[in-house]
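The values are calculated or read from the model by the stated rules, or taken from the named source; none is laboratory data. Remember, it's a predicted structure, so these values are computed and weren't measured experimentally. Please note: Cβ atoms are built from the backbone with ideal geometry, for glycine as well, and neighbour counts cover all protein chains shown. Side chains are part of the model used for accessible areas, which takes the heavy atoms of the whole protein and leaves out ligands, DNA and RNA. Shrake-Rupley method; radii C 1.70, N 1.55, O 1.52, S 1.80 Å.
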Amino acid sequence: MTPSEQIKDIFQKLPTDKQNQLLKDLRSLRNKSLTSIEDSSIVECPYCKQTDIFKNGKHKGTQRYKCKSCNRNFKATTGKAFYGIKKRVKFDEYKSIMIKEGLLPLKQMSSRLGISHQTAFDWRHKILSSINRETENFNGITEIDDLWFLYSQKGRQGLKYSRKRGGSKRKGDNDFQVKMLVTMDRKQSTDLSVVRIGRLKSSDIKRKVGEKISKTATLVSDKHSSISAFAKQNNIEHINFKASDHIADSQHHVQTVNNLASRIKGKLNHTLRGVSTKYLQNYSNWFQFYESNKNSNDIVAEVDKIISKNHDAWNVFTNTENFYKRFIKEYSKRTYRCPTKRTWQNQLKDTMTLANLFIY
Ligand SMILES: [Zn+2]
């Protein structure tokens with residue numbers, strides 16, 4: 001018998017009240033071990049990122065820290081995805097399901113874990129907000145293309161239904177097309193960036209990947225004048241072809257991007273039946289994380305590593321609406337309407353820091 005089987009065997013022989021007590025104790029034991037993992041991951045101050053920190057007593061059983069540089073107090077969870085979450089064991093379970101079984105309908109998640117619909121929604125987005133994009137540089141043949149997703153206000157309150165989903169599927173560049181810039185080299189360095197609603201501009205390419213494309217790279221794309229303009233402005237070699245040709249020659253094509261495009265469209269448009277434009281970037285970060293870690297044998301550990309390190313997640317999560325508002329105002333001709341009124345305690349309001357976190 002394995003240790004787990006032995007434990008189960010003994011457990012079944014216990015009277016009901018002992019079983020219940022034991023379940024409670026086990027849960028709190030698990031909680032403690034989760035907290036100690038967090039504490040051991042503390043390396044820097046979540047506010048100023050300096051590493052000169054020290055333990056500063058406990059408050060209600062939780063270890064406090066203080067930063068010598070900025071003098072601020074914080075906890076192991078400050079700024080992270082699990083900040084303020086009391087049901088830590090359930091959150092951990094939620095995360096495992098999300099990683100192993102994918103993004104299941106929220107209704108299913110709430111009934112499986114016995115949490116409210118709102119909590120199921122929040123936890124998903126707190127996890128998504130933790131996945132930051134760390135794009136490496138692009139070298140050699142670099143494919144570049146823009147994908148479009150239908151503008152969507154799925155889930156938004158106060159709108160007439162007809163307004164929630166973009167009403168037009170017509171082709172070309174219009175106010176219903178949210179553009180995602182996809183850049184990929186042949187070493188699988190990838191960037192997925194939601195850049196604007198309407199026609200892609202060369203400034204979008206510059207803003208998102210301009211610094212990352214090596215001067216010796218060869219850009220490959222279809223004949224999009226914004227991509228040509230970007231290449232010209234930056235003196236980067238550029239090979240392009242008519243979109244209907246799909247390919248310039250056996251080396252110079254955008255097949256890698258096209259393959260990725262059909263996978264991400266399948267996930268977001270079909271499996272999830274469309275996602276709100278407000279969350280499109282966060283969902284694509286999750287998708288990309290999966291793509292680049294699909295050969296890892298412990299993807300749960302990879303996600304844990306990211307979540308326990310990212311102390312901007314809480315700020316990104318609580319400011320998603322602000323980022324979306326700025327995106328609509330700066331990168332579209334649409335009208336920003338029906339803002340969500342939800343706010344959080346400790347929501348970051350400092351405009352400088354927020355500007356640094358702005359995801360578009
Ligand atoms: Zn500090």
Heavy-atom accessible area order for W344, W314, largest first, 1.4 Å probe = W344, W314
Out of A231, L159, Q188, whose Cα points farthest toward the positive end of the dipole of region 141-357 (charges: +1 Lys, Arg; -1 Asp, Glu; placed on Cβ)?
-> L159
Which of M1, M98 is most accessible, then next, and so on - probe 1.4 Å | M1, M98
From the phi of every residue in region 94-109, what ³J(HN,Hα) in whole Hz does the Karplus formula 6.51 cos²θ - 1.76 cosθ + 1.60 yield, where θ is phi - 60° and glycine or proline is x?
-> 4, 4, 4, 4, 4, 6, 7, 10, x, 7, 7, x, 4, 4, 5, 5
Going by accessible area, probe 1.4 Å, with all protein chains left in place, what is the ranking of H246, H252, largest first?
-> H246, H252
Accessible surface of the chain, 1.4 Å probe, proportion on carbon and sulfur as whole % = 49
Relative contact order for the chain, counting Cα pairs under 8 Å that sit 6 or more residues apart, in percent | 17
Taking region 205-305, which trypsin sites (Lys or Arg not before Pro) meet the DSSP loop condition and have no more than 16 other C-beta atoms within 10 Å?
-> K215, K223, K242, R273, K294
Hey, with R₀ at 56 Å, roughly what FRET efficiency would D245 and K13 work out to, going by the Cβ-Cβ distance, to 0.05?
-> 0.20
Over the chain: helical MRE at 222 nm, DSSP H runs n ≥ 4 each giving -39500 (n - 2.57), nearest 500 = -13000 deg cm²/dmol
In the chain, what cysteines have no partner Cβ closer than 4.7 Å?
-> C338
Only Lys, Arg, Asp and Glu count, each charged at its Cβ (+1, +1, -1, -1), so figure out the dipole size of region 233-360 about its Cα centre, rounded to 20 debye.
-> 880
Dipole of the chain (Lys/Arg Cβ +1, Asp/Glu Cβ -1, origin at the Cα centre): which of F287, M98, S214 lies farthest to the positive side?
-> M98
Fraction of beta bridges assigned by DSSP in the chain that are antiparallel (%, nearest 5) = 75
Find the accessible area per residue for the chain; the probe is 1.4 Å, ligands and nucleic acids are left out, and the unit is Å².
-> 56
Please find the FRET efficiency linking N174 to E93, where r is the Cβ-Cβ separation and R0 is fixed at 45 Å, and quote it to the nearest 0.05.
-> 0.55
Obtain the nm distance between the two label points defined at E134 and V300 by a simple spin-label model: each point lies 7 Å from its Cα along the Cα-to-C-beta direction.
-> 2.2
Using the Cα centre as the reference, give the magnitude of the dipole from point charges on the C-beta atoms of the chain (Lys, Arg: +1; Asp, Glu: -1; all else neutral), rounded to the nearest 20 debye.
-> 1860
For region 153-293, give the share of DSSP beta bridges that are antiparallel, in percent and rounded to the nearest 5; count only bridges with both residues there.
-> 60
Just the accessible area for E44, please: 1.4 Å probe, Å², rounded to the nearest 10?
-> 50
Would you kindly state how much longer the chain becomes between T340 and T51 on full extension, computed as 0.36 nm times their sequence separation minus their alpha carbon distance, in nm to one decimal?
-> 100.4 nm
